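Peer 1: I have a structure I would like to understand better, so I am pasting it below and will then ask my questions one at a time.
Nothing in this text is a laboratory measurement; each read-out follows from the coordinates by a stated rule. Values in this document were obtained by computation on a predicted structure and should not be read as measured data. Cβ coordinates were reconstructed from backbone atoms using ideal geometry, including for glycine residues, and neighbour counts include every protein chain displayed.
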């Protein structure tokens with residue numbers, strides 16, 4: 001054994017030292033792993049501190065260490081710290097191995113003996129692994145200045161504008177005909193009661209007009225290849241049947257279209273649109289979309305009213321879906337949320353009782369540009385309700401549906417209460433579990449509502465029914481609830497019920513995650529790189545997340561995340577090139593038999609098959625070191641730097657302590 | 001050196017089928033070269049010899065021993081250790097000695113289950129439910145039969161091995177070539193390869209020697225060989241029949257695929273590959289063309305016996321070597 005290995009065991013204050021006898025671990029390593037090349041083993045209060053790092057650097061220089069193993073926290077946190085420390089002392093950074101005895105040991109055990117013994121095993125695995133490490137050099141690659149923003153809600157809009165204003169190109173892809181997202185559906189925003197459209201539409205117009213933004217609405221990303229700095233994306237531009245170069249957005253086609261369709265998306269099913277339509281007057285881009293499923297021409301073969309009346313001849317019934325390819329350096333995902341399907345709680349009567357509305361339906365009902373012009377009326381279209389019940393936490397904070405708090409429903413419900421009060425003078429009951437008003441100006445808004453005379457009933461609504469049991473309930477919706485503050489069951493008759501439904505991840509979030517190589521939490525929201533310190537980055541370099549796809553949040557938080565993601569992106573573009581991990585796969589040309597098993601597995605299309613020599617080869621510029629081909633190669637002809645078979649197997653042997661006690665492996 | 005001046009040669013069969021012995025004889029007139037250049041001192045299948053004769057030999061007095069068969073019982077182990085002691089060059093000959101081969105599939109079951117299967121099946125006439133005992137007393141004295149071990153081991157899991165010659169059995173032309181080489185070494189015309197080398201085989205895989213046309217693979221269904229007409233041109237795996245060629249060491253000349261039959265992996269893992277079955281399994285599962293869990297389940301159901309399919313030859317030589325019930329001492 002020619003390597004000189006230094007071992008450093010971190011106390012991490014009491015984080016590790018509380019459940020692991022770190023001094024014993026270091027002492028053990030010095031004695032028991034001496035024959036494996038360990039020449040020094042130390043423990044220190046905080047290895048990541050500058051003093052801790054200096055300890056390593058001094059040993060590298062004075063003892064001539066050729067390998068370093070640090071037993072501390074997860075490599076996510078401090079691998080870079082210790083690699084840099086080694087590099088600064090003249091040791092190749094990839095000859096340093098960080099093993100986690102915090103996340104994988106001290107934090108999950110309570111017994112100090114168990115923690116100490118397990119730490120020894122983890123450390124032993126690291127020592128065996130580091131022996132097989134090779135000196136590597138990071139690769140430098142140029143970064144493409146363009147950024148793909150997926151999703152044109154407020155988070156995506158903010159991100160796109162920030163990047164475009166900084167002078168870099170943006171490609172924005174939106175699935176619906178117009179950008180604007182859910183914010184475009186709202187009438188007022190809490191707590192300031194700003195007109196939502198008034199503050200949103202200028203930003204939408206900016207996106208539409210910005211010279212640095214290429215806006216693709218009615219489009220979806222279908223393929224993502226490459227890696228940070230050099231992604232290749234394919235966007236499906238769905239056929240609008242409108243030639244955007246000719247269309248002036250005059251709206252004559254919409255006006256002349258004879259076919260009306262219930263608008264389930266923008267109007268939440270409360271209003272109608274035409275078969276050729278823009279979802280709302282301020283839509284960006286201004287070009288309408290022809291809905292082929294409902295268009296009379298596509299169903300019956302006649303009509304063509306839109307084409308006849310279009311003054312510029314922009315209608316093209318033969319338009320086909322187009323697949324556009326773009327090179328981008330980075331990607332921001334801001335695909336937003338979906339409303340909890342309140343039908344899943346049948347006892348609340350949605351769909352069965354006409355005057356039970358979802359929150360999104362009420363947003364449209366109260367919107368001045370909505371189907372009733374902002375008049376809050378019951379399903380008959382004329383009668384204003386005299387009493388309204390607003391149910392909080394529908395589908396949220398409920399272990400039967402979603403355990404999490406949807407974060408916006410309390411404030412949204414208060415806003416609804418205010419609007420009902422203001423516009424109808426109706427009596428309003430809010431049914432809540434807890435009122436949560438933590439942001440700026442929110443608590444004040446709650447106090448204002450209390451003063452306006454809204455009733456607050458603390459309790460989870462059990463049932464909403466139209467079956468009469470007591471006098472005064474005739475023709476009403478009766479809300480059955482336990483008022484937990486007075487400890488009594490109550491039946492409260494109202495005219496209208498608003499279900500403040502929770503936010504859920506979009507139904508296809510998992511597919512989107514797979515497409516972009518990201519992962520989702522158990523709740524289905526996308527996972528950020530670090531919940532506190534890196535909320536907009538993801539575990540995939542070059543891909544950021546912003547807004548509600550990361551978790552429920554209000555407009556200011558979504559805007560902040562959009563801007564934060566943009567700042568991260570711009571910062572990277574300005575570096576012009578980035579260094580990427582030199583973890584790459586290589587094919588041993590002598591061992592490769594050209595069986596072609598690996599050929600279509602590579603997610604980065606880095607594997608090339610040479611017909612003439614009948615061997616496969618990995619293009620190091622495209623390879624991301626994911627290891628898929630390494631695992632798949634039946635001949636063992638592919639190896640991955642940093643994750644060689646020798647390294648992994650040696651680590652397992654170390655974990656099993658085969659290096660210190662040769663176990664009796666053969667029973668006989 | 002013996003009285004006739006020729007170096008000594010031995011061959012032994014432990015837990016094996018005898019195919020390796022036949023493969024050696026199948027080198028035809030080349031066997032005369034063996035006789036011309038060696039004195040055959042111990043070869044139970046071909047000549048009469050007693051263990052005590054071998055025990056009486058000087059340590060290291062046999063130049064070359066070809067040891068075939070796996071280590072299944074205490075007799076196998078005893079002779080393996082004996083021949084190791086008496087031989088200068090010990091070759092693990094054939095799949096059983098190299099990696100356990102078919103006998104090692106028994107490593108998935110405890111010995112008791114194996115015995116029950118053999119001695120109590122419907123076709124077995126055993127009304128008293130007898131089992132073989134290690135020792136039996138008869139009027140003439142005590143009789144001993146070898147004791148089975150809980151698991152089958154490869155030769156090098158028991159003794160130090162100089163060279164490895166894979167194959168079930170090794171191809172005769174490869175045996176002839178190895179014998180030629182040893183003779184040339186004896187005549188001072190060639191050098192022995194470094195200890196631990198795999199001899200009589202290639203460094204790549206069967207695909208390397210296979211003439212079939214291959215493309216990228218998309219598998220929607222696994223079929224068994226009896227259910228398809230194999231296309232004579234196209235890669236067999238691409239036709240949905242599991243062919244082990246991509247994971248199997250080259251050396252046979254891709255005989256089976258050339259004859260329209262999938263490679264079953266008898267030459268063992270490719271150079272440097274540690275676990276044949278794991279390699280082949282990851283490879284085969286990688287080319288399943290589906291992302292839907294239920295469909296993948298259905299496709300995988302097309303492999304009725306995964307252990308037998310992927311570990312037919314390499315169970316004892318694999319990383320796990322045996323299943324848990326077989327390891328447990330009872």
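Peer 1: Nearest 10 degrees, 0 to 90: what angle lies between the long axis of helix A:196-209 and the longest principal axis of chain A (Cα atoms)?
Peer 2: 60
Peer 1: Can you tell me how much longer the chain between residue A:400 and residue A:318 gets when fully stretched, taken as 0.36 nm per residue apart minus their C-alpha distance, in nm with one decimal?
Peer 2: 24.7 nm
Peer 1: Using a cut-off of under 18 Å, list every residue of the stretch A:474-489 whose amide N is near the label point 7 Å from the Cα of residue A:386 along the Cα-to-beta-carbon line.
Peer 2: A:474-479
Peer 1: On full extension of the chain, what length is gained from residue A:61 through residue A:234, given 0.36 nm per residue of separation minus the C-alpha to C-alpha distance?
Peer 2: Result: 57.2 nm gained on full extension.
Peer 1: Please give, to one decimal in nm, the separation of the simple spin-label points placed at residue B:114 and residue A:14, each 7 Å out from Cα toward the Cβ.
Peer 2: Each label point is offset 7 Å from its Cα along the Cβ direction, giving 5.7 nm.
Peer 1: Here is a further query. Taking the simple approach of a point 7 Å from Cα along Cα-to-Cβ for both residue B:143 and residue B:74, what is their distance in nm?
Peer 2: Label-label distance for residue B:143 and residue B:74, simple model: 1.8 nm.
Peer 1: If you don't mind, there's one more thing I want to ask. So what is the calculated 222 nm ellipticity per residue for the protein assembly as shown, using -39500 (n - 2.57) for each DSSP H run with n of 4 or more, over all residues, to the nearest 500 deg cm²/dmol?
Peer 2: Counting only the DSSP helices, I get -8000 deg cm²/dmol.
Peer 1: With N denoting the number of residues in chain B, provide Rg(C-alpha) divided by 2.2 N^0.38 Å, to two decimal places.
Peer 2: For chain B, the normalised Cα radius of gyration comes out at 1.10.
Peer 1: Let me ask another. Highest GNM mean-square fluctuation, chain B, Cα pairs closer than 10 Å: which of B:18, B:265, B:251?
Peer 2: Comparing B:18, B:265, B:251 in the GNM, the peak value goes to B:18.
Peer 1: When each pair of different Cα atoms in the stretch B:50-164 is counted once in the 1/r mean, what is the Kirkwood radius in angstroms, to one decimal? Spell out each step's value before the answer.
Peer 2: On the way: mean 1/r = 0.0625 Å⁻¹.
When all Cα pairs of the stretch B:50-164 are included, the Kirkwood radius is 16.0 Å.
Peer 1: Where in the stretch A:424-453 does the amide nitrogen come within less than 12 Å of the point 7 Å from the Cα of residue A:484, taken along Cα to Cβ?
Peer 2: In the stretch A:424-453, the label zone of residue A:484 (backbone N under 12 Å from the point 7 Å along Cα→Cβ) covers A:432-435.
Peer 1: While we're looking at this one, here's another question. By the gyration tensor of its Cα atoms, with a ≥ b ≥ c the square roots of the eigenvalues, what is the shape of the stretch A:338-504: rounded for a/c under 1.5, prolate for a/b over b/c, or oblate?
Peer 2: The shape class here is rounded.
Peer 1: Rank B:67, B:38, B:276 by mean-square fluctuation in a GNM of chain B with C-alpha springs under 10 angstrom and give only the top-ranked residue.
Peer 2: B:38
Peer 1: Further, regarding this structure: Looking only at the stretch B:6-27, which residues have a backbone nitrogen under 19 Å from a spot 7 Å from the Cα of residue B:187 in the C-beta direction?
Peer 2: B:6-9
Peer 1: Roughly what angle does helix A:442-452 make with the longest principal axis of chain A, taking Cα atoms, 0 to 90 degrees, to the nearest 10?
Peer 2: 20
Peer 1: Over the alpha carbons of the stretch A:87-217, what is the largest minus smallest coordinate on each principal axis, giving the biggest first in Å?
Peer 2: Largest first, the stretch A:87-217 extends 63, 41, 27 Å along its Cα principal axes.
Peer 1: With N set to the number of residues, divide the alpha-carbon radius of gyration of the stretch A:2-59 by 2.2 N^0.38 Å and report two decimals.
Peer 2: The value comes to 1.12.
Peer 1: Over the Cα atoms of the stretch B:105-149, how large are the radius of gyration and the largest Cα-Cα distance (Dmax), in Å?
Peer 2: 12.9, 39
Peer 1: Same structure, new question: With the Cα gyration tensor of the stretch B:244-330 giving a ≥ b ≥ c as the square roots of its eigenvalues, does the rule (a/c under 1.5 for rounded; else a/b larger than b/c for prolate; else oblate) give rounded, prolate or oblate?
Peer 2: Numbers: a/c = 1.89, a/b = 1.03, b/c = 1.84.
Oblate shape, in that a/c is at least 1.5 and b/c is the bigger or equal ratio.
Peer 1: Right, here's the next one. Pairing the Cα long axis of helix A:645-655 with the longest principal axis of chain A, what angle in degrees results, from 0 to 90 and rounded to the nearest 10?
Peer 2: Roughly 80 degrees, rounded to the nearest 10.
Peer 1: Send over the semi-axes of the protein assembly as shown's equivalent ellipsoid, whole angstrom and largest first, taken as the square roots of 5 times the C-alpha gyration tensor eigenvalues.
Peer 2: 70, 34, 31
Peer 1: On to the next question. How many times 2.2 N^0.38 Å is the alpha carbon radius of gyration of the stretch B:142-209?
Peer 2: It is 1.52.
Peer 1: Whole percent per 5 Å bin, from 0 to the bin with the longest distance: what is P(r) over all C-alpha pairs of the stretch B:185-231?
Peer 2: 5, 11, 12, 17, 13, 9, 9, 7, 8, 6, 3, 0
Peer 1: Same structure again: How much FRET efficiency would the formula 1/(1 + (r/R0)^6) give for residue A:111 and residue A:523, where r is the Cβ-Cβ distance and R0 is 45 Å, rounded to 0.05?
Peer 2: Details: r = 32 Å, r/R0 = 0.70.
Taking R0 as 45 Å, the efficiency between residue A:111 and residue A:523 is 0.90.
Peer 1: Another one. I want to verify the translational diffusion coefficient of the stretch A:563-628 in µm²/s; compute it with Stokes-Einstein, Rh as the Kirkwood radius over Cα pairs, at 25 °C and 0.890 mPa s. Display every interim value, and only then the final one.
Peer 2: Numbers: Rh = 14.0 Å.
Answer from the Stokes-Einstein relation: 176 µm²/s.
Peer 1: To the nearest Å, what is the center-to-center distance of the stretch A:153-171 and the stretch A:34-83, using C-alpha atoms only?
Peer 2: After rounding, the separation between the Cα centres reads 43 Å.
Peer 1: To check you understand DSSP bridge types, tell me what percent of the beta bridges within chain A (both residues inside) are antiparallel, rounded to 5.
Peer 2: 50
Peer 1: Using 10 Å bins from zero, what percent of all Cα-Cα pairs in the stretch A:239-320 falls into each bin?
Peer 2: Answer for the stretch A:239-320: a P(r) of 19, 55, 25, 1 percent.
Peer 1: Find the relative contact order for chain A and round it to a whole percent, using C-alpha pairs within less than 8 Å whose residues are 6+ positions apart.
Peer 2: Working: 1426 pairs, mean separation 92.5, N = 668.
Reported relative contact order: 14 percent.
Peer 1: Efficiency by 1/(1 + (r/R0)^6): what FRET value for residue B:129 and residue B:301, r their Cβ-Cβ distance, R0 = 51 Å, to the nearest 0.05?
Peer 2: Plugging the Cβ-Cβ distance into 1/(1 + (r/R0)^6) gives 0.85.
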